[in-house]
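Quick notes on the structure that follows.
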Amino acid sequence: MECISVFDMLKIGVGPSSSHTLGPWRAAERWINELKDSKKFDCVEKIAIDLYGSLSLTGKGHATDYAIMLGLLGCDPETIPTENIAEYITTIKTSKTLNFNGENVLEFDPEEAITFHRKFLPFHSNGMTFTAIINGEKSKSTFYSIGGGFVVKEERTNHKKNFEIKCSFPYPIEKGTELLKFCSDLNKSISEVVFENEKSIRSEAEINNELKRVWDTMLECMYTGCHTEGSLPGGLNVRRRAFDMHKSLKGSVAYSNPVEWLYSIRNTEVKFRQILKWVSCFALSVNEVNASLGRVVTAPTNGSAGVIPAVLMYYLVIENHDGDFEDIKRFLLVAGEIGSIFKKGATISAAMGGCQAEIGVSSAMAAGALCELSGGSPEQVLVAAEIAMEHHLGLTCDPIGGLVQIPCIERNAMGAIKAINACELALDTDPKNVKVPLDKVINTMWETAKDMNTKYKETSEGGLAISVNMADC
């Protein structure tokens, strides 16, 4: 059975896309490790990369070429100073060299070394092949970015089994029904069951520290987005809206860092209509940072990274002013588990399932997590997740210009609002009366994904992507 950790679903990385940026970045790192393991790295004379399918069609807008170059440099997406990215890329382009893993300076002209192919490889729509010239011979390795920063090799035969087993959980879960049975048998909440699984692979202290690091990254991201003015890069000239929204909402309260900022909002009297604006502001802020190659947490993807922090922030500053790390911990554990069930039963890749696989899944994750914090039973938690996804079914992925900006950024705000509404509906629902269980909606989502036209799956060949001319933006 698949063992997907919460930290597989909530990864710290750099925007704008988990499948098109973080995945290729990690693939470059894995290729370097392959070369080192096979004792070939020191003999590499030249390198080249071929991008296929969705990685090619929207690669430029998603900074896929940048991500691969940064991975080849040996930079880590979790720790790289994001303000230095432009400098690193400029150095490669102007010098036409690349310091391979920081150890071997090679001739490297990105215009020639990175090739974008429109054709799709049969295994997955996000394919990439790395080639090294060693003693005059070509050594190739093909990887696939399957969403959420997950990267797999070509040998796998079923995309829904493309995972790396890292453990054997004491409570293996593949479906919602199995999760509910463990909750019933153990008399535990969902977060408690998930915590027990996580403890089988790392200590409690490590879990807590990592969850805190995830939340700190989310909070920092929201803070940065709310305090950064101007327009987003990429050519669409999209003006950042979180800055203006935040400015009109925050009042005159003073603060100097993200934690003080959180508490200042808690102490601000929020009128009913402002709640929607605050939640939207939190979501927009994250995805504006994501769109500008900032650091975010995939939740479960970069393109949907704003939903979960926005809903968690809503709980902390609107619903429960006494909320603390234990609440944050429970929220993230539940969200991560719901996301993993979707990944096992369907997909979290927009290139495979459209935006229902990103915003829909993130909304379901947030709805279920908020429901547990709001006193919902395990059954109601899954009802909340089901409601959120049910009303995202069929959502296409049609980014204008291949950029994670329009309609992606606004969709995070909508996904967050839907998650809160789904939670409220679930709390007033008797699970015995539910007609569509979570497992059914996950299966329906996957069937919908398979039926969806390819042009609506992150190719920028349909929908808004062709209805709106970039030159008119």
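The values are calculated or read from the model by the stated rules, or taken from the named source; none is laboratory data. In this text, all values refer to a predicted model and were calculated from it rather than measured experimentally. Here the Cβ is made from the backbone with ideal geometry for all residues, glycine too, and neighbour counts use every protein chain on show.
General remarks:
- Applying a threshold of 6 Å to beta carbon distances and a minimum spacing of six or more residues, or different chains, the list of pairs starting in the range 30-42 at a residue that is within 20 Å of Y144 (Cα to Cα) and ending at one that is assigned to a helix (DSSP H, G or I) reads L35/F41.
- Within the option set D451, D439, being of a type in the set (D, E), over 20 Å from S18 (Cα atoms) and touching a residue at least 24 places away in the same chain (Cβ under 8 Å) holds for one residue only, D439.
- Qualifying residue in the range 74-96 (condition: part of a helix (DSSP H, G or I) and in contact with a Pro (Cβ under 8 Å, 6 or more places away or on another chain)): yes
- Sole residue being within 25 Å of T454 (Cβ to Cβ), modelled with pLDDT under 95, in the same structural domain as S139 (by TED's automatic domain parsing) and out of contact with any strand residue (DSSP E or B) (no Cβ under 8 Å at 6 or more places or on another chain), chosen from H20, H62: H62
- Checking each residue in the range 317-373 for being modelled with pLDDT of 95 or more, crowded, with 24+ Cβ neighbours inside 10 Å and assigned to a loop (DSSP other than H, G, I, E, B) picks out A346, T347, I348, G354, E358.
- Residue match in the range 426-448 (condition: hydroxyl-bearing (S, T, Y), part of a helix (DSSP H, G or I) and within 23 Å of the chain's Cα centre (by Cα)): yes
Rundown of residues vs (1) out of contact with any strand residue (DSSP E or B) (no Cβ under 8 Å at 6 or more places or on another chain); (2) closer than 30 Å to E379 by Cβ, yes/no style:
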residue: S292; (1), (2): yes, no
residue: V307; (1), (2): yes, yes
residue: Y314; (1), (2): yes, yes
residue: K343; (1), (2): no, yes
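- Qualifying residue in the range 254-266 (condition: surrounded by 15 or more Cβ atoms within 10 Å (Cβ to Cβ) and touching a residue at least 60 places away in the same chain (Cβ under 8 Å)): no
- Looking across the range 249-269, the residues that are part of a helix (DSSP H, G or I) and over 15 Å from V279 (Cβ atoms) come down to P258, V259, E260, W261, Y263, S264.
- Screening G360, G353 for residues that are assigned by TED's automatic domain parsing to the domain that holds S264, under 18 Å from N453 (Cβ atoms) and more than 13 Å from the chain's Cα centre (by Cα) leaves exactly one candidate, G353.
- Yes/no for L121 being crowded, with 17+ Cβ neighbours inside 10 Å, assigned to a loop (DSSP other than H, G, I, E, B) and assigned by TED's automatic domain parsing to the domain that holds I49: yes
- Residues satisfying the stated conditions in the range 35-58, i.e. among the small types (G, A, S) and either touching a Ser or Thr at 6+ places or on another chain (Cβ under 6 Å) or surrounded by 15 or more Cβ atoms within 10 Å (Cβ to Cβ) (or both): A48, G53, S54, S56
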